[in-house]
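See below for the structure under consideration.
The values are calculated or read from the model by the stated rules, or taken from the named source; none is laboratory data. Keep in mind that this is a model prediction, so the values were computed, not measured. Positions of Cβ are generated from backbone atoms using ideal geometry, with glycine treated the same way; all protein chains shown enter the neighbour counts.
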Amino acid sequence: DTAVSQTPKYLVTQMGNDKSIKCEQNLGHDTMYWYKQDSKKFLKIMFSYNNKELIINETVPNRFSPKSPDKAHLNLHINSLELGDSAVYFCASSLGQGASQTPQYFGPGTRLTVL
Amino acid sequence: AQSVTQLGSHVSVSEGALVLLRCNYSSSVPPYLFWYVQYPNQGLQLLLKYTTGATLVKGINGFEAEFKKSETSFHLTKPSAHMSDAAEYFCAFLGSGGYQKVTFGTGTKLQVIP
């Protein structure tokens, strides 16, 4: 009965490869997020989707493409991976937008290492 | 610009001592404020939140925080630290009025010394 799940938990890959991270929430929430946490633990939002529609797109390279097939899923595809993409990526969900975007429920994270 | 600032990237306390983690916010309108905790190799978990009403907010695991408008602060406290409190703590901010994104502080790592 995991609330927000992510796969894989660890991802090690070579520079230039393309990889995907999957996220699913079973909370019935309308809004989902992708965050990147760097080696200094700084947490930065990348994308947010509300009911399958993109509502936040921070200044993220277009090598990163989120996809939301339904409101319970938000996947992240990364093309042409670079060394600087190494980080922990967290998926999160919330009831909705505005004041309803808190609290956010976080997944366990995916540790991406680019060699 | 609206933001939160966490003072001290590392805080060490002895087991049983008071825990005080500092957070200051910058906002022209009353914000919503939160504290999240991140245990090693895990995602973030909400400890407590302030939206409106009572300025002293109680959270899980014995933590509490007080919203002080005059000091633009939302410091997190716990009377007696436990070894299991060792984690990274994030203050977060949401501006009220209209849709905005939650902004997280840079985090404070709490070390509890036996």
State yes or no: is B:Ser70 in a loop (DSSP other than H, G, I, E, B) and either at pLDDT 95 or above or more than 11 Å from the chain's Cα centre (by Cα) (or both)? yes
Looking only at segment A:11-46, which residues are within 18 Å of A:Phe106 (Cβ to Cβ), hydrophobic (A, V, I, L, M, F, W, C) and not in a strand (DSSP E or B)? A:Leu27, A:Phe42
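Every residue, every condition in (1) in contact with a strand residue (DSSP E or B) (Cβ under 8 Å, 6 or more places away or on another chain); (2) among the hydroxyl-bearing types (Ser, Thr, Tyr); (3) closer than 30 Å to A:Asn50 by Cα, yes or no:
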| position | (1), (2), (3) |
| --- | --- |
| B:Val4 | yes, no, yes |
| B:Gly8 | yes, no, no |
| B:Ala17 | no, no, no |
| B:Tyr25 | yes, yes, yes |
| B:Asn61 | yes, no, no |
| B:Glu64 | yes, no, no |
Within segment A:100-115, restricting attention to residues that are outside any strand (DSSP E or B) and within 8 Å of chain B (Cβ to nearest Cβ), which residue is nearest to A:Lys40 (Cα to Cα)? A:Gly109
A:Pro61 vs. criteria away from every other protein chain (no Cβ under 14 Å), on the phi < 0 side of the Ramachandran plot, free of Cβ contacts under 8 Å to residues at least 60 places away in the same chain and not hydrophobic (A, V, I, L, M, F, W, C): yes
Name the single residue, out of those in segment A:62-99 being touching a helix residue (DSSP H, G or I) at 6+ places or on another chain (Cβ under 9 Å) and part of a loop (DSSP other than H, G, I, E, B), that is nearest to A:Lys19 (Cα to Cα). A:Arg63
Single residue of B:Val112, B:Val57 found to be out of contact with any helix residue (DSSP H, G or I) (no Cβ under 6 Å at 6 or more places or on another chain) and closer than 26 Å to A:Gly107 by Cα: B:Val57
Only one residue in A:Ser94, A:Ser48 is within 14 Å of chain B (Cβ to nearest Cβ), farther than 30 Å from B:His10 by Cβ, crowded, with 20+ Cβ neighbours inside 10 Å and touching a residue at least 12 places away in the same chain (Cβ under 8 Å). Which one? A:Ser48
Can you tell me which condition B:Ser70 does not meet? The list is (1) on the phi > 0 side of the Ramachandran plot; (2) surrounded by fewer than 14 Cβ atoms within 10 Å (Cβ to Cβ); (3) more than 12 Å from chain A (Cβ to nearest Cβ), and all the others hold. (1)
